[in-house]
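The values are calculated or read from the model by the stated rules, or taken from the named source; none is laboratory data. Here the structure is a predicted model, which is why all the values come from computation and not from measurement. Here the Cβ positions follow ideal geometry from the backbone for every residue, glycine too, while neighbour counts run over all protein chains shown. Just the protein is used for accessible areas: all its heavy atoms, side chains included, with ligands, DNA and RNA removed. Shrake-Rupley method; radii C 1.70, N 1.55, O 1.52, S 1.80 Å.
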Amino acid sequence: GGVAAKKGEGKAGAVVKKEAKEEVEGGGSEDEGLSEYEKLRKRNMSRNVEILESLDLPTIPVTAPAAPVRARGLGPNKRADPDAVAPRQRSLRIQGKDTEGLALPEGFREPMRFKPTMGEEEVVERKVGDLEIKDLKWVDRRYRDDEELQEKATHRVTALMERLDSISKGKWGAGKGVAEKDYRDMIGRLAVAEKDVAKVVPNRIFSLAVHPSESHVLVAAGDKWGNVGFFEPDHAEDDTCVTVTDMHTRPVTSLVFDKANPHRLLSGAYDSIVRVLDVKERKSVAVWDCDEDEYGMLCSTAFDYTRQQVLCGHAQGGVSLLDVRSSSTRAKPRHVALHAGKVRSIQVSPSDPNMICTGSHDCTVRLWDARKMTTANFLHEWRHGKGVNNVDWSPITGSCIVSTSTDDTLRILGGINDSKTTEKVIRHDNQTGRWLTPFRAVFDPKCDSAFVVGSMKNPREVEVFSTSGKGERIKRLTHDNFTTIASINAFHPSKNILVGGNSSGKVYVWR
């Protein structure tokens, strides 16, 4: 049987070869000049097309890939230079020559010199004192001599002040507490619309704040070089939904809207100036111009709404407490040395304004009583393996604290209101590197047991954790329009809105 099968296969193969040969030999005039192989290939292609057509297969439409989301707000330079860009010239150093044009000796290396630099950014003087609207306008430094742009920038800041004043008179307030079971469903409904993405500030975002208005969504973002941008996704369809102000000259580490007076925005920055943007007064008031020689550089800022008091953390490990109602010219803060390293974060308990929590580069999280703060008189201390980037209180009861550290952990520090404290450790990749703002885990003001933090994972996401149990992850927020690492996140105090900011100045609104 096997022999017969092989003979049959041989005959069939011979028939196919014979037919192919006949097709090649019988080619028309159009095949003249082609080799026998090319003629055979052409016949095979024609036969394959006829076979496919006889099968009557359905046509599958080819769709183009979805276009990327266009972020509104600040964009690339739209004004092309009138002169063509000249070809780039190679320097003598790159060509391996000295200043006389002679070849450098083999193995030559330039001497290394330490010279502080700020890259392409120019070094600017600190903006001291109160700032009027004309001082707050922001124009790209390439066009600061353009009077027309200067005038437009001033007009946009004026219009922003008027809108802020108007919405601050509307309905606002703190939201009601949501049970964790209901919160899981609520947070899972969040999505990012295309219009809710915008480039709000020119550089890396260091801080975010959401205005408490329930009728108008407004987000404030502070960047690496002291700019504070405002994003109103529902205000306009074009780029005028973003307004940028030039308020500080160094990274804006803290932005807080005053809960009792939402027309005021508190800001603190590395230029060691604490400001309050008062839209009723139409100016930015310098609450405190910190003397770095006496107190050290300002690194973190918090606001005690009950006492109208600003708390400032310094690079040398000290903390200053300042009454914002005092004149900046006569204000003398209370200053206490609390840590051996930079105070990266400071927060006041929402349930007891006397309870203060600090996180430092000396790897510790410490709890203090504001009435008797001294270096060794902390109430509790928790240790991380590396520096602490942020601490945040549970928003309703103040019964626990979440801390974020570069040792790749999030720690839930519980039992704050009891005599016995607890600690839960969550492993989390916090290695953001040099070019991303460090992660900060923050609570949702509407749920006492849920907090969010940025993520390094792909596809890009925002992670939501619970303080219950061992600190389980209850949700991973992902969306097609969310394609970034949101290092900084902030919540609306009463509406189901989450805002994330990345290191290119873009803001994403989840709602």
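Quick notes on this structure:
- This model, with +1 at the C-beta of Lys and Arg and -1 at the C-beta of Asp and Glu, gives segment 344-394 a dipole about its Cα centre of some 120 debye.
- Positive end of the dipole of the chain (Cβ unit charges, origin at the Cα centre): among Ala209, Ala179, Ser254, the Cα lying farthest that way belongs to Ala179.
- Linear extension gain, Glu53 paired with Lys195, 0.36 nm per residue minus alpha-carbon span: 46.5 nm
- Total charge dipole magnitude, segment 435-499, about the Cα centre, Cβ charges on Lys, Arg, Asp, Glu only, Debye to nearest 20: 40
- Cross-link partners of Lys176 among aspartates and glutamates, defined as those whose alpha carbon lies under 20 angstrom from its own and excluding same-chain residues fewer than eight positions apart: Asp185, Glu214, Asp258, Asp352, Asp392, Asp444, Asp448.
- Whole-number accessible area per residue in Å² for the chain, which is evaluated in the context of all protein chains at 1.4 Å: 54
- The protection proxy used here, the mean number of other Cβ atoms lying within 10 Å of each residue, ranks peptides 273-280, 318-325 as follows, highest first: 273-280, 318-325.
- When the GluC sites (Glu not before Pro) in segment 437-486 are filtered for DSSP coil states and for at most 15 other beta-carbon atoms within 10 Å of their beta-carbon, the remaining sites are Glu472.
- Qualifying chymotrypsin sites (Phe, Trp or Tyr not before Pro) in segment 282-358, DSSP loop, other Cβ atoms within 10 Å at most 16: Tyr305
- Charge dipole (the chain, unit charges on Cβ, about Cα centre) - positive-most of Trp435, Met355, Leu321: Met355
- Proximal aspartates and glutamates to Lys386, defined as alpha-carbon separation beneath 15 angstrom and excluding residues fewer than eight positions away on the same chain: Asp362, Asp407, Asp408, Asp429
- Ligands, DNA and RNA left out, the accessible area of the chain computed with a 1.4 Å probe is 50% carbon and sulfur.
- Cβ charges +1 (Lys, Arg) and -1 (Asp, Glu), total dipole of segment 390-472, debye: 120
- The label point for Glu214 and the one for Arg434, both projected 7 Å from the Cα toward the Cβ, are 4.9 nm apart.
- Separation in nanometres of the label points that stand 7 Å from Cα toward Cβ, at Gln316 and Gln89: 4.9
- Summarising the label geometry, the points placed 7 Å from Cα in the beta-carbon direction at Glu162 and Asn417 lie 4.7 nm from one another.
- The listed residues Thr240, Thr358 rank as Thr240, Thr358 when sorted by accessible area, largest first, using a 1.4 Å probe.
- Only helices enter this figure: runs of n ≥ 4 DSSP H residues, each worth -39500 (n - 2.57), summed and divided by the residues of the chain, yield -5000 deg cm²/dmol at 222 nm to the nearest 500.
- The structure-derived value of volume of the Cα convex hull per residue in Å³ appears in the list (i) 140; (ii) 346; (iii) 282 under the label (ii).
- Cβ crowding within 10 Å averaged over residues, with 214-226, 254-266 ranked highest first: 214-226, 254-266
- Set Lys171/Lys199; Lys420/Lys470; Lys372/Lys424 screened for pairs whose C-alpha atoms are more than 19 Å apart: Lys171/Lys199; Lys372/Lys424
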